Amino acid sequence: MSRTFIEAISHRRSNYHLENISPVATTHILETIDRILSVVPSPFNVQSARIVVLFDEQHIALWDIVERELESRIPKDIFAKTRQKLHRSFRSGFGTILIYEDEATLNKSRIDTPDYAENVNRWSEQSSGMLQFALWTALEDMGFGASLQHYNPLIDKAVSERWLIDKSWRLIAQMPFGLPKDNPAPHIQKLPIHQRRLVFGFEE
Ligand SMILES: Cc1cc2nc3c(=O)[nH]c(=O)nc-3n(C[C@H](O)[C@H](O)[C@H](O)COP(=O)(O)O)c2cc1C
């Protein structure tokens, strides 16, 4: 990592204006994703996260699916703007990471650790959130811009059919990335940070 950890997480933003250019070799992107996938924590080390990485025409095909599914549901006059956003912010990028959780693995966890069975869904989402944050930060650290999207469950069927995704994999999120074309607006803090963080046993 070229930045410190705090610098890297501060640098991560939602970027909605992407170019189909990569600042790094594609093998480096995949090695980074593999590394993150192998080290992000999960409850009882269940490792239920699954990833699909789409580049080139496969990435385009995903955003065509999103466009098709939205077009059939959104009024024509509004859809023109939606289409513009899909193209400028996601389809125009270099690739997309699809983030999944494997229900078969989670079911096994419910059986293996029955005392915690009712926590499995919640912990699965939390673990996936950690994975998403690590991926997002790493992409930005490589020089990409990225964002986090949720066109599931709208696109689930078409995506499963196109890439023959295991029926047990549940789509959680989509992370399109590409070279950022502009800088995001400054971070907005809705509350002074000291209204969100308490400390006891220390005087500031
Ligand atoms: C769990 C979660 C779900 C999100 N879902 C979406 C989404 O579906 N579409 C989107 O454009 N941004 C989504 N975001 C991005 C947030 O809107 C964004 O992170 C927030 O406004 C702060 O902006 P920043 O990412 O530039 O720091 C999501 C973020 C989180 C943490």
By count of other Cβ within 10 Å, fewest leading, how are I111, I97 ordered?
I111, I97
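Could you give the length gained by full extension between D64 and L154, i.e. 0.36 nm per residue of separation minus their alpha carbon distance, to one decimal place? Each step should come with its number before you reach the end.
Details: separation 90, 0.36 × 90 = 32.40 nm, distance 1.29 nm.
Stretched fully, the D64-L154 segment lengthens by 31.1 nm.
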Mean residue ellipticity (222 nm) of the chain, computed from DSSP H runs ≥ 4 via -39,500 (n - 2.57), nearest 500:
-13500 deg cm²/dmol
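Neighbouring Cβ atoms within 10 Å as the yardstick, rank T26, T32 fewest first. Let's see the in-between values first.
Working: T26 13, T32 18.
So the ranking, lowest neighbour count to highest, is T26, T32.
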Can you list the aspartates and glutamates whose alpha carbon sits under 20 Å from that of K157, skipping same-chain ones fewer than 8 residues off?
E57, D64, E67, E69, E71, E101, D102, E103, D166
Under 30 Å from K181, Cα to Cα: lysines that are on another chain or at least 8 residues apart:
K76, K81, K85, K190
Can you pull the one-decimal nm distance between simple spin-label points at K76 and Y116, each 7 Å off the Cα toward Cβ?
5.5
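Taking all pairs of different Cα atoms in segment 5-195, averaging 1/r and flipping that mean, what Kirkwood radius in angstroms comes out? Write out the running numbers ahead of the final one.
On the way: mean 1/r = 0.0562 Å⁻¹.
Radius from the Kirkwood sum: 17.8 Å.
Multiplying the sequence separation of T26 and A104 by 0.36 nm and subtracting their Cα-Cα distance, what value in nm do you get? It would help to have the intermediate numbers written out before the result.
On the way: separation 78, 0.36 × 78 = 28.08 nm, distance 3.04 nm.
Here the segment from T26 to A104 would lengthen by 25.0 nm.
Could you please rank I155, I74, I165, placing first whichever residue has the fewest other Cβ atoms within 10 Å of its Cβ?
Fewest-to-most ranking of I155, I74, I165: I74, I165, I155.
State, as an integer percentage, the relative contact order of the chain based on alpha-carbon contacts under 8 Å between residues 6 or more apart. Write down the numbers at each step before the final one.
Details: 279 pairs, mean separation 74.4, N = 204.
Dividing the mean separation by the residue count of the chain yields 36 percent.
Readers should treat all values here as calculations from the given coordinates under stated rules, not as data from a laboratory. Quick caveat, the model's predicted, so the values are computed rather than measured. We place every Cβ from the backbone using ideal geometry, glycine too, and count neighbours over all the protein chains shown.
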